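Bear in mind that the values in this text are calculations on the coordinates, not laboratory data. Keep in mind that what you see is a predicted model, and the values were worked out from it rather than measured. All Cβ positions, glycine included, derive from the backbone under ideal geometry; neighbour counts span all protein chains shown.
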Amino acid sequence: MNTIKVLIVASANKGQLSPIVLSQALSLPHQEIMVSYFGIHGKGISGYLSNIRKIKKYIRDEDPDIIHAHYSFSGYVAQLAAGGKPVVVSLMGSDLVNNGIYRFLASFFCRYLWDRTIVKSEWMATRAGCRRAVVIPNGVDLNRFVPMNNRLALKKKLGLSTDRKHIFFFADPVRRSKNFELAQKAMKQLSGEDIELVVRHDILHGNMPELINAADAVLLTSRWEGSPNIVKEAMACNCPVVATDVGDIAWLFGKETGYYLAGPDPEDLAHKIQGAIKSRVKPGSVNGRDRIIELGLDAGSIAKRIIAEYRSLLVSDKYLKNQ
């Protein structure tokens, strides 16, 4: 079986590629996939377009078999630079939220230009309006995201009171999509109890397992999502989650104990946060990890699905005719 050379194209405006992109690339087995990276520097349409010449040169020098871009803007410049190479694009959710030109562009490229478009949920596939879109959520590294039994020790390590319950909000409060105001309103409903909202964002991904395991519950109040990684990571750690019904979260939760869907209502969220805290106290009552395994959302299983798309593309008529 020949090794496939894959060029990953994604934004590096924060100094490096996002942990989500890197984690997926690193999950691809080296005996089947040889990965290289091109990090895009430059914001806005003009900033992205300024990278086309550099990407073209990189493609000429490295001669990858497939270009895999992440997020729509990276997908546009990858397509313009590809020079006949197959292009796979992963859309993450935000690419398809708004109506207007950005959604139109993503849908147009999906229908007519990109060879494969990977979306993270059925909701995203519907929003894309593209029958060719393939639903493959991001996977979870089950070797890193594991349940830890030393929760009190973790709280002390993180400077958290062992006498209080801690609800973690893993997002930038400034981002409108994360709806932090709703989280604050829900917590006000619980103001008379020993419960604290802990906000964390821009965290080193390597620190996430300990933070999740220290939490009494994870709270997600987003207005929209694709297939949120934090929910899957929390489930892999058997940490309860309370979330608004967005993206594929209802499917992820299934009927598992400790995982609560809520409406965009502070009282409903507060009530379910209380339920999540109670479920955390009962040993063995929360087992989201088995649900992740059941759904095939471990990083290894997702890697196999991505590789299958690569190989299918490379033997397609379109690609063979260009050889």
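Highest mean packing first, where packing is the average number of other Cβ atoms within 10 Å per residue, the peptides 305-315, 72-82 line up as 72-82, 305-315. Rounded to two decimals, the Cα-based Rg/Rh of region 151-294, with Kirkwood Rh, is 0.92.
Normalised by the number of residues in the chain, the average gap of Cα pairs under 8 Å and 6 or more apart makes the relative contact order 15 percent. Working ranking of peptides 192-203, 13-24 by packing, defined as the average number of other Cβ atoms within 10 Å per residue, highest first, is 13-24, 192-203. For region 19-125, what D do you get in µm² per second when you plug the Kirkwood radius from alpha-carbon pairs into Stokes-Einstein at 25 °C and 0.890 mPa s? D = 169 µm²/s. Computed from label points 7 Å out along Cα-Cβ, the spacing between residue 196 and residue 56 is 5.6 nm.
Quick one: Cα centre-to-centre distance for region 250-276 and region 97-115, in angstrom? With region 250-276 and region 97-115 each reduced to a Cα centre, they are spaced 33 Å. Cα axis of helix 299-314 to longest principal axis of the chain: angle in degrees, 0 to 90, nearest 10? That works out to roughly 20 degrees. Here's the list of lysines a cross-link from residue 185 could span, going by alpha-carbon distance under 30 Å and ignoring same-chain residues fewer than 8 apart: 120, 155, 156, 157, 165, 232, 255, 272, 278, 282. The simple Förster model, with R0 at 25 Å and r as the Cβ-Cβ distance, assigns residue 305 and residue 108 a FRET efficiency of 0.50.
Computed from Cα atoms, the angle from the helix 72-81 axis to the main principal axis of the chain rounds to 10 degrees. Of the peptides 273-286, 113-126, the order by per-residue mean of other Cβ atoms within 10 Å, starting with the highest, comes out as 113-126, 273-286. Electrostatic bookkeeping for residue 177 treats Lys and Arg as +1 and Asp and Glu as -1; over the other residues with beta carbon under 10 Å from its beta carbon, the sum is +2. With a Förster radius of 25 Å applied to the beta-carbon distance between residue 34 and residue 146, the computed FRET efficiency rounds to 0.30. Compared with the dominant principal axis of the Cα atoms in the chain, helix 52-62 is inclined by about 70°.
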